[in-house]
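Engineer: Dropping the structure in here first, questions after.
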Amino acid sequence: MKSAEWYLNNYKTEELLAAFDRQDVCVSYSGNYRRSVLSQVHNSCELLLVEKGRAEYQVNDEVYQVEQNTVLIIGATDRHRFTFTEVPYIRYGLTVMPSFLQSLPIINGYMNVYRTQSLRNHHKLIGIDDVIFGRMIQILWQLREETQETGAGRGDMVYALMLELTVILKRLLNLESQNTSEAYKSMNEIKNHIDLCYGGDLSLGELSRRFFLQPNTISKNFRKVWGKNINQYINSVRITNAVRILESEEIGITELSEMVGYSNVNTFLRQFREKMDVSPLQYKKRMKQAMADIDTRQLFENEDTVER
C-alpha cells in the first residue's frame with residue numbers, strides 16, 4: 001500500500017470532479033494551504049474526515065463547523081459551499097453513489113446515515129476519539145486500494161469495508177435502521193428512476209402510471225421515506241446534472257435545459273439560480289477560474305507540506 005503522503009493532492013482535479021458523479025466509490029486525500037471559497041454539488045453522497053485545520057460548510061441552508069477529528073456527511077445533490085478558516089486544511093474524502101449503497105445488503109437499511117445530518121447530529125461527529133477516527137481513515141485507505149483502478153465498488157472486501165464504516169457512523173449518530181417496508185421499496189424504486197431518468201417526464205401523473213400508485217400516495221410516502229418533497233428532489237437532481245454537464249462540456253443553455261428535463265428555459269434558469277445562487281453562465285465562469293487557480297502539485301513544492 002502506498003503511503004498517505006504519496007496520495008496528498010496526487011490527482012487531476014477534473015478527473016476527481018468527474019469521479020464524484022460516475023464512480024461507485026472514490027477516495028481522495030487533499031489539502032489546501034490558502035484560504036478560499038468554493039461551491040459544489042454532485043450526485044454522490046460525500047464524507048469528509050478532517051485531519052488538520054478548520055473549515056465552515058454551508059450545506060443547503062445550514063452552516064456546519066469542522067475541525068480536527070470531525071466527519072461531515074453531505075447528502076447526494078445537496079449544494080455545499082465551503083470556506084477554509086484555518087489552513088493548512090487537510091482532509092480525507094469519500095464519495096459513494098447512493099445506487100451502489102442501496103445495492104448492498106444491510107447497508108441499504110441505513111441510507112439515513114448517508115444523508116446530510118441535522119446540526120444536532122453533526123455535533124456527534126466532532127472531536128471523534130482518536131482510535132475510532134484512525135480506524136475510519138484505515139478503512140478509506142483500504143477502499144482506495146480496492147477501487148483505485150476503476151472506482152468500481154464491487155467485491156466482498158469493498159462491501160465489508162463499507163459495512164464496517166456504516167456501522168461505526170450509525171453508532172456515533174445513534175441511528176436506527178430504516179423500515180424496509182413495501183412503501184420504502186416503492187419509494188426507493190421511484191428515487192432510482194428519478195436519478196436515472198431526470199431528463200424525461202417526471203410528473204406525478206407519469207410516476208403514478210409507471211409505478212401504479214396514487215399521486216398523493218407518492219408525494220406523502222416520498223417525503224416520509226427520503227425526508228424531501230418529491231418535486232424539490234426532482235429539481236435538485238436535474239440541476240445537479242446540469243452542473244455536471246457544465247463542468248465537462250461546452251453547451252448552449254437551451255440545449256442544456258432540455259437535456260436535464262426542462263421544456264421551459266426560464267424555469268430551468270430560475271431553478272438553477274435558486275440552487276446555485278448564480279446563473280449557469282456565471283457558474284461556468286467561476287468554475288473555470290477555480291480550476292485555473294488550483295495547482296494540483298503545488299503542495300509538493302511548499303515547504304509546509306510533507307515529503308513524498
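The values are calculated or read from the model by the stated rules, or taken from the named source; none is laboratory data. Keep in mind the model is a prediction, meaning the values are calculated, not measured. Don't worry about glycine lacking a Cβ; one is built from the backbone with ideal geometry, like all the others, and counts go over all protein chains shown. Surface areas here come from the heavy atoms of the whole protein model, side chains and all, with no ligands, DNA or RNA. Shrake-Rupley method; radii C 1.70, N 1.55, O 1.52, S 1.80 Å.
Engineer: How about region 152-175: which of its residues are among the acidic types (D, E) and at pLDDT below 95?
Structural biologist: D156
Engineer: Assess whether I190 counts as being out of contact with any Phe, Trp or Tyr (no Cβ under 7 Å at 6 or more places or on another chain) and in a helix (DSSP H, G or I).
Structural biologist: In short, no.
Engineer: Right, here's the next one. For region 118-151, what are the residues that are aliphatic (A, V, I, L, M), out of contact with any strand residue (DSSP E or B) (no Cβ under 8 Å at 6 or more places or on another chain) and either modelled with pLDDT under 95 or assigned to a loop (DSSP other than H, G, I, E, B) (or both)?
Structural biologist: Hits for region 118-151: nothing passes.
Engineer: Among (1) open to solvent by less than 10 Å² (accessible area, probe 1.4 Å); (2) assigned to a strand (DSSP E or B), which single condition is G109 missing?
Structural biologist: For G109, the exception is condition (2).
Engineer: Is it fair to say G227 is open to solvent by 50 Å² or more (accessible area, probe 1.4 Å) and either touching a residue at least 40 places away in the same chain (Cβ under 8 Å) or charged (D, E, K, R) (or both)?
Structural biologist: Yes; evaluated as a whole, the condition is true for this residue.
Engineer: While we're on this one: Of the residues that sit in region 31-63 and are of a type in the set (G, A, S) and surrounded by fewer than 20 Cβ atoms within 10 Å (Cβ to Cβ), which one is nearest to P280 (Cα to Cα)?
Structural biologist: Here the answer is S39.
Engineer: Continuing with the same structure: Check V87 against each of (1) more than 26 Å from R244 (Cα to Cα); (2) buried (at least 21 other Cβ atoms within 10 Å of the Cβ); (3) β-branched (V, I, T) and name the one condition it does not meet.
Structural biologist: Every condition holds for V87 apart from (2).
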